Amino acid sequence: MLLRSKLVEVLRSNLCSGCGACYSICSANAINMRVALDGTYKPFIDPHKCTKCGLCERVCPSLSGTPKAKIKGLGNFINCYIGYSTDTKIRWEASSGGVVTTILLSLFEEGLISGAVIVKKDPKDSLKPSMILTNSKEDIIEAMGSKYCPAKPSFRVKDLVNVQGKVAIVGLPCHIWAFRNLEKIDKRLKDKILIHLGLFCGKKPNFYATVYFIRKIVGVNEREVVEISYRGKGWPGKLTVMTKRGESYSFELGDWISFSYYPHFIPIRCVFCYDITNQQADISLGDAWGLAHDNIGTSVIITRTPVGENIIQYLHKTGKLVLREVDPKQVSQGQGLEDKVSNTLIRAYIWRRIFHKPTPYELSYPPQFSLKEWVLNLGYCLWLYVTQNKFIRATLCNLNPLVSEAVRWIRWMH
């Protein structure tokens, strides 16, 4: 029966990442992605259309685990760089350096790709971007900048296969895992996809984070918003909200971060993900925290495969990218990687052992942690646990400015 399927158990356990791999591979069109009560995209399965082929289960990253991702360090790589686009407009408008945009535009110009999977705003809904397959350079330019919210996939495997030429993929770790799984199942994709450009991820807030930021911090109704830009205009960038009346509101990136990264805004699956640097990509990219000190934008670039290294070197030699090799340890330190991974593992251990809730992986031994780490992460998991109740979650969302002030005060006291 469908209700006994492993995919349904993933949904019931709140371990779905919303990557959309199941939607993309379902040839029966039995799966649609919709916003669930937790503010993230989830697959909704039509039992009348489902043929019980099992492809959705085989492709799901939460069922197949984190493929070949190393728990500690940056994972396998060839070189680490910091760099930025030599196109000053792209560099200024992008989140950090404009490297992804420059790579995609250059691959199109060289005829190496005919399509790209990117995330861009949906003209029908300003707050809900879509993950699209495009052959338009205009779409790539429009898609510049981070999207700190879920994105709905709008293409299927057959659409990728039908592209006349190669395709580039841009995505978060869960998206890249999904594509790696798709390539194992449909061998045509392995030849079709030229390169995977993986973005660093420090957890992806749900839609409630955006909605309540607009309500509580911007001070307008979300229905009045025609456009929201989370990054851009230099580094680390500005969050900008435009309304139907032509009003523009601008905030520092820190205002968004201090508001949105609390357990009631973070999907459970994201809490337990330790692949922060997108280890399955050909090229991984993120902010150059601790490595660059400019107000325009510079990216960390990790090349992991020969195709990734060759593309980066070619763009450097042709003057489209400025590059400087850096020590991998500096990259890890700048990202705070050791502490982030440690906290992730502690929370996974507590979630399974203390709260008796399923996790996407089970540790064979408990992680080492101090009493302070234990208390803080136990508190985080308790917060996460109680906010699974929709009424408590709604209350905390409404009180979030007070929550932020309380957390700032506690941190100041320490």
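What follows is calculated from the coordinates using simple rules that are stated; it is not laboratory data. All values derive from a computational prediction rather than experimental measurement. Ideal geometry is used to build each Cβ from the backbone, glycine not excepted, and the neighbour counts take in all protein chains shown.
Here the chain carries DSSP beta bridges of which approximately 75% are antiparallel, counting only pairs with both residues inside.
Just to confirm a number: summing +1 for Lys and Arg and -1 for Asp and Glu over residues other than THR102 whose beta-carbon lies under 13 angstrom from that of THR102, what do you get?
Details: positive: LYS89, ARG91, LYS137, LYS320; negative: ASP87, GLU93, GLU109, GLU110.
For residues surrounding THR102, the net value is 0.
Take the Cα of LYS70, go 7 Å toward its beta carbon, and the backbone nitrogen atoms of segment 315-329 under 16 Å from that spot belong to 327-329.
Given C-alpha coordinates of the chain, what is the ratio Rg to Rh with the Kirkwood estimate of Rh? Walk me through the numbers before you get to the answer.
Values: Rg = 20.7 Å, Rh = 22.0 Å.
Result: Rg/Rh = 0.94.
For LYS124 and VAL407, the difference between the fully extended length at 0.36 nm per residue and the C-alpha to C-alpha distance is 98.3 nm. Over all other residues within a Cβ to Cβ distance under 15 Å of ILE82, the charged ones net out to -1, with Lys and Arg as +1 and Asp and Glu as -1.
Summing charges over all other residues whose Cβ lies under 14 Å from the Cβ of VAL119, with Lys and Arg as +1 and Asp and Glu as -1, gives +3. Please give the FRET efficiency for GLU373 paired with THR318, using the beta carbon to beta carbon distance and R0 = 60 Å, rounded to the nearest 0.05. Efficiency computed from Cβ-Cβ geometry: 0.80. With contacts taken as Cα pairs under 8 Å at a separation of at least 6 residues, the chain carries a relative contact order of 20 percent. Over 16 Å, how big is the tail of the calculated P(r) for segment 307-366, in percent of all Cα pairs? Of all Cα-Cα pairs in segment 307-366, 64 percent lie more than 16 Å apart. With neighbour counts taken as other beta-carbon atoms within 10 Å, the residues LYS137, LYS238 rank, fewest first, as LYS137, LYS238. Here the calculated FRET efficiency for ASN135 and LYS89, from their Cβ-Cβ distance with R0 = 25 Å, stands at 0.65, rounded to the nearest 0.05. Remark: spin-label model distance GLU227-ASN398 equals 3.4 nm, labels positioned 7 Å along the Cα→Cβ axis. Judged by the mean number of other Cβ atoms found within 10 Å, the most tightly packed of the peptides 126-132, 143-149 leads the ranking 143-149, 126-132.
Which of SER106, SER364 comes first, and how do the rest follow, when ranked by fewest Cβ neighbours within 10 Å?
On the way: SER106 18, SER364 5.
In order of increasing Cβ crowding within 10 Å: SER364, SER106.
Using a simple spin-label model with pseudo-atoms 7 Å out from Cα toward Cβ, CYS53 and LEU112 lie 3.3 nm apart.
Spacing of the modelled spin labels on GLU9 and ASN389, each 7 Å from Cα toward Cβ, amounts to 2.9 nm.
Using DSSP to call loops (not H, G, I, E or B), can you name the GluC sites (Glu not before Pro) in segment 64-126 whose Cβ has at most 15 other Cβ atoms within 10 angstrom? Write down the numbers at each step before the final one.
Values: sites: GLU93, GLU109, GLU110; in loops: GLU110.
When the GluC sites (Glu not before Pro) of segment 64-126 are filtered for loop state and at most 15 Cβ neighbours within 10 Å, GLU110 remain.
Among VAL10, VAL157, the ranking by other beta carbons within 10 Å of each residue's beta carbon, starting with the fewest, stands as VAL157, VAL10.
Taking R0 as 60 Å, what's the FRET efficiency between MET242 and ASP46 from their Cβ-Cβ distance, rounded to 0.05? Approximately 0.95, to the nearest 0.05.
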